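Q: Sharing a structure below in C-alpha cells format, with a few things to ask.
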Amino acid sequence: MNDPNSPAPTHLDARDPGKPRSLDIREEVERELDAYPSTENLVLLVPEDCWGDLTRQLGASPQAEETTYKGVRLRKAAVSAVVAQDGF
C-alpha cells in the first residue's frame, strides 16, 4: 500500500532511466563528448556539486571555474547534468 504522506512521482522526476546509476562525473563527460562528431570549440557545463570530484579525477584545481579535458573546455555551472553550453 502507498504511503499517503509520501509524494507521488511526477513529470518533474529528475532521474533519467537511460542513465546508469554507476556513472561518475568523468564518465558523464565522456558520454557527452561521444555525442558530438566534432568537439572543436565545444564547452561543456558541469554541475557545481560534481565539480570537485571531476577536478580531482583530472588533477585540476577545484578552485578554478574552468578546465580543459581532451581539448574541450569544461566549465563549472549551475546545471543539473553535463550539457553543452550552446545547447543550454
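Q: State whether one or more residues within the stretch 20-34 are open to solvent by 60 Å² or more (accessible area, probe 1.4 Å), touching a residue at least 12 places away in the same chain (Cβ under 8 Å), of a type outside the set (A, V, I, L, M) and in contact with a Leu (Cβ under 7 Å, 6 or more places away or on another chain).
A: Yes, there is a match, as at least one residue in the stretch 20-34 is open to solvent by 60 Å² or more (accessible area, probe 1.4 Å), touching a residue at least 12 places away in the same chain (Cβ under 8 Å), of a type outside the set (A, V, I, L, M) and in contact with a Leu (Cβ under 7 Å, 6 or more places away or on another chain).
Q: Here is a follow-up. Can you report the number of residues in the stretch 79-88 which are within 16 Å of GLU28 (Cα to Cα) and open to solvent by 80 Å² or more (accessible area, probe 1.4 Å)?
A: Residues that pass the stated criteria total 1.
Q: Based on what the data block shows, is ALA8 in a loop (DSSP other than H, G, I, E, B), at pLDDT below 95 and surrounded by 14 or more Cβ atoms within 10 Å (Cβ to Cβ)? If you could, list the steps in order and put the result at the bottom.
A: Working: in a loop (DSSP other than H, G, I, E, B): yes; at pLDDT below 95: yes; surrounded by 14 or more Cβ atoms within 10 Å (Cβ to Cβ): no.
Here the answer is no, as ALA8 does not meet what is asked.
Q: Any idea which of THR67, THR55, THR39 is modelled with pLDDT under 95 and surrounded by 11 or more Cβ atoms within 10 Å (Cβ to Cβ)?
A: Testing whether each residue is modelled with pLDDT under 95 and surrounded by 11 or more Cβ atoms within 10 Å (Cβ to Cβ) leaves just THR39.
The values are calculated or read from the model by the stated rules, or taken from the named source; none is laboratory data. Source: prediction; values computed, not measured. Here the Cβ is made from the backbone with ideal geometry for all residues, glycine too, and neighbour counts use every protein chain on show. Note: accessible area is taken over every heavy atom of the protein model, side chains too, but ligands, DNA and RNA are not part of it. Shrake-Rupley method; radii C 1.70, N 1.55, O 1.52, S 1.80 Å.
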